[in-house]
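Remarks on the structure that follows.
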Amino acid sequence: MRPILLLALLVPHLSAQDRPNILFLFSDDHALNAISAYGGPLKDLAPTPNIDRIAKEGEIFTRSYCGNSICGPSRATILTGKHSHINGFLDNNNARFDGSQTTFPKLLQKAGYQTSMIGKWHLVSEPTGFDNWEVLLDQGTYYNPDFLSAKGKSRVEGYCTDIITDKAIAWLDGRDKSKPFLLMCQHKAPHRNWAPAPRHLELFKDVTFPEPATLFDDYANRSGTLKEQEMSIAKNFSWAADMKFKGENLFPDNFTNEGKNGEYLRMTPEQQATWDAAHDAENAAFIEDVKSGKIAGKDITRWKYQRYMRDYLRCVRAVDENVGRMLDYLDKNDLTKNTLVVYASDQGFYLGEHGWFDKRWMFEQSLSMPFLVRWPGVAPAGVKNDALVQNIDYAPTFLEAAGQPIPATVQGKSLLPVLKGQKPADWRKEIYYFYSGEATHHVAAHDGIRTETHKLMYFPGTKEWNLFDLQKDPDEMKSVHDDPAYATVFEDMKKRYAEERARYHMSAATLPGNRTEPWWKQRHQQKSALAKQGGHDLVFIGDSITQGWEGHGKATWDKYYAGRKALNLGFSGDRTEHVLWRLMNGELENVDPKAFVIMIGTNNTGHRQDPPEQTAEAIKLIIELLQDRKPNAKILLLSVFPRAEKPDAPLRQINQGINEKIKGFADSDKVQWLDMTGSFLAPDGTLPKELMPDFLHPQGPGYEIWAKAMESKIAALTGTAEIP
Ligand code: SGN
Ligand code: CA
């Protein structure tokens, strides 16, 4: 018997009691500066005693970051332990979470946990991996929110933060108490448009919050894209929804017109009366003061900042109270000792720093994620932990805590050793960040790394680098990338940036992307519809060469594959990143084939001359994606076909390089390799014009050669008789 197996048998089997419950308390857009345990300028004015209790009884992480500072992407990363480009949820505007992929709740559910998700979900597709889910529709609302569950839609009267907690407690009360639980209790608050609970509308009324030093940042000395954002307190707050005025926008130079206050429109007459009582006099006074000139210029921004802060911190107050309710529940039900509690938020937020609200940038305030953990007996109490941690780490941490193996494709690391106070020698020295640049708020795409002392950002749209010395310039007001004194640091950071991108498999070839040509979209819809019908035994994945089975290869296809319930997912002009996108966005929906045939990569070579290792890595991700979604299917991996007439042609060489790498992905069973190169080439290595007149695409006879070369493998993989 192998020693590992023997060891596994000797370890006493963990009983349900030994496996901790996991309570994941989560909020939306909660800035570190709005949690008193983090210190910060607001700690005495707007304390959060209940969240702080987690820090006191457990650990607070001071260098905790997200991988992509917006809602859906952060949530998808938490569920999968993978960065956005791997889990496919890149931005809020276009993405839909592929719920068929492995997530930690699914694995815990399989391991016997009872799993529940209550509150803001915001991943478009329905939750998977939960015994119970009740989620807010889309972003959700503060007042009288609508929930969606397996039973359908329902509206609940009251205040969202309280209701989510009510539902969480009700679920805990009714759960099967013989099993450990995972409860994800995810608040909408304190997300825009910051509508406080009726009981908090007068809170902070007479408090003046300190202004951040960078409230009037002029965006000099950094990427030119900073000036283009649309998330500034001075310019982008709306009259009604953000600043809570009623009626016509009286000062269009200072307030935008965007929308009504949707929250107000949802309120009951009673709620509206309380709301009006809290706002009317103050609003009237402000209007008077602006009209009379008493408040003007920058003072209007200052006034907006104060209103923003009061509303934001009022919303935080309800979150904190409700965290307290949950912790009390654990105490009263004797669950505290055996429950791992986490408090986190999907990203940080700007509370006026750089003149901003919102997030998205890789600057500290929105890169940071609050992360507090309490696990009695495991995480020592009262610890400030400064290890570099990221939201990719949550899934592996929960899995390890529950005694479950961590899938090899998970990109994060379990925090257990870090929580226990050990400093693993190989703990990461930098975190990687990527923001795709969606339209909302007009923040340019960028990615970068942060070390303990420096931050490097790259803006591909303008090809700009920014480098910050976080010790000397913690407010990130001046990029030193072109300062000769930092030449060595800059070089070192660029090298580490390239290494981190490689570590997380980030390149143009692996960043999932859809194409916009109408025919492509139409074909994708068509193929997704076919996939949805199901019933396919054999699925071909590729580019124009695979699509060509519907053209030059039609007769051969009919002969070999028509009777084998085959689906052609070849799209002309596709590169690996398009294939990745398609597979995560519908083309595998009900497909459960015996085998996939993959032949992709020659357009990475032809369009961009991608280095072979990057294309190969993308092919590896395609294989991993298929194995994750369709674990029973086998994969026939084909060599990328030879291109160009002569063997020493550069593009031919690149394809050859890809093949050298990808053949190593095969095993003798699940992934099988077939090198097609020899089938097409003349003995001297030239590519015969009769087979591929453009030295890239096979004609009829080429498809015949292709089919014949694969036939014995296809017959074996699909369990069908060989076609002569
Ligand atoms: C809405 C907000 C934005 C916010 C995004 C994303 N506008 O579009 O200010 O950045 O959500 O937020 S609002 O007028 O509808 O409030 S996220 O937390 O879901 O990423
Ligand atoms: Ca958010």
Putting +1 on Lys and Arg Cβ atoms and -1 on Asp and Glu Cβ atoms, find which of 333, 512, 207 reaches farthest to the positive end of the dipole of the chain.
333
P(r) of the range 435-503 over all Cα-Cα pairs, 5 Å bins starting at 0, rounded to whole percent, reads 4, 17, 25, 25, 18, 9, 2, 0
Amide H neighbours of residue 65 under 5 Å, at least 5 residues apart or on other chains, H built in the peptide plane: list them.
369, 389, 390, 391
Let me have the 222 nm mean residue ellipticity of the chain computed from DSSP H runs of 4+ only, each contributing -39500 (n - 2.57), with the sum over all residues rounded to the nearest 500.
-10500 deg cm²/dmol
Could you point to the residue in 293, 642, 94 farthest towards the positive end of the chain's charge dipole, with +1 and -1 charges on the Cβ of Lys/Arg and Asp/Glu respectively?
642
With the contact rule set at Cα under 8 Å and sequence spacing of 6 or more, what percent relative contact order holds for the range 518-718?
22
Quick check for you: with a 1.4 Å probe and neighbouring chains kept, what is the accessible area per residue of the chain, in Å²?
39
With a ≥ b ≥ c the root eigenvalues of the C-alpha gyration tensor of the range 518-718, is it rounded (a/c under 1.5), prolate (a/b larger than b/c) or oblate?
rounded
Three-way shape call for the range 642-724 based on the alpha-carbon gyration tensor, with the a/c threshold at 1.5:
oblate
Order by protection proxy (mean Cβ within 10 Å, highest first), peptides 695-705, 181-191
181-191, 695-705
Using R₀ = 25 Å, calculate the FRET efficiency as 1/(1 + (r/R₀)^6) where r is the Cβ-Cβ separation of residue 705 and residue 525; round to 0.05.
0.20
For a label point 7 Å along the Cα-to-beta-carbon line of residue 607, residues of the range 503-542 with backbone N under 18 Å
506-525, 541-542
In this structure, among 359/420; 110/594; 188/298; 82/337; 663/708, pairs with alpha-carbon gaps over 22 Å are 359/420; 110/594; 188/298; 82/337
Per the charge dipole of the range 316-420 (beta-carbon charges, Lys/Arg positive, Asp/Glu negative, Cα centre), the residue among 403, 389, 363 reaching farthest to the positive end is 403
Enumerate the amide H contacts of residue 181 below 5 Å, restricted to partners 5 or more residues apart or on another chain; note that Pro and chain-start residues carry no placed amide H.
21, 22, 114
If the only charges are +1 at each Lys and Arg Cβ and -1 at each Asp and Glu Cβ, what is the size of the charge dipole of the chain around the Cα centre, to the nearest 20 debye?
1400
Average Cα contact separation per residue, the range 614-712, under 8 Å, 6 or more apart, as relative contact order %
28
Filter the chain for me: DSSP H helices, axial length by Cα at least 15 angstrom, mean Kyte-Doolittle hydropathy not below 0.0. List them by residue number.
160-174, 700-718
Per-residue counts of other Cβ atoms within 10 Å, averaged by peptide: what ranking do you get for 41-51, 646-656, 115-125, 365-375, highest first?
365-375, 115-125, 41-51, 646-656
Of the accessible area of the range 518-718, computed with a 1.4 Å probe and all protein chains kept, carbon and sulfur make up a percent value of 51
Cα to Cα, under 22 Å, and not fewer than 8 places away if on the same chain: which lysines meet these conditions relative to residue 646?
661, 689
Just how large is the dipole of the range 518-718 about the Cα centre, in debye to the nearest 20, putting +1 at every Lys and Arg Cβ and -1 at every Asp and Glu Cβ?
460
With just the Cα atoms defining each centre, how far is the range 263-307 from the range 489-521? Give it in Å.
45
Could you order peptides 221-229, 680-688, 126-134 by the average number of other Cβ atoms within 10 Å of their residues, highest first?
126-134, 221-229, 680-688
Under a 1.4 angstrom probe, counting protein chains only, how are 349, 434 ranked by accessible area, largest first?
434, 349
Toy charge model, Lys and Arg Cβ at +1, Asp and Glu Cβ at -1: the range 132-236 dipole around Cα centroid in debye, rounded to 20, equals 400
Run down the lysines and flag those whose C-alpha is under 16 Å from the C-alpha of residue 332, throwing out any fewer than 8 positions away in its chain.
177
Return a whole-number percent for the relative contact order of the chain, with Cα pairs under 8 Å and 6 or more residues apart as the contact set.
15
Once the range 428-570 is represented by equal point scatterers at the alpha-carbon sites, with solvent omitted, what log10 I(q)/I(0) does the Debye formula produce at q = 0.08, 0.14, 0.20 Å⁻¹?
-0.43, -0.78, -1.19
How many nm separate the modelled label positions at residue 56 and residue 126, each set 7 Å beyond the Cα in the direction of the Cβ?
4.3
When the distances between all Cα atoms of the chain are binned every 20 Å from zero, what whole-number percent does each bin get?
16, 45, 31, 8, 0
So if each residue of separation counts as 0.36 nm, and I subtract the Cα-Cα distance between residue 423 and residue 440, what length gain in nm does that give?
2.2 nm
Pull up the cross-link candidates among the aspartates and glutamates for residue 384, meaning alpha carbon to alpha carbon under 13 Å and not fewer than 8 places away within one chain.
52, 57, 59
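The values are calculated or read from the model by the stated rules, or taken from the named source; none is laboratory data. As the structure is a computational prediction, the values presented were derived from the model and not from experiment. For neighbour counting, all protein chains shown are included, and Cβ atoms are generated from backbone atoms with ideal geometry for every residue, glycine included. We work out accessible area using only protein heavy atoms, side chains counted, and drop any ligands, DNA or RNA first. Shrake-Rupley method; radii C 1.70, N 1.55, O 1.52, S 1.80 Å.
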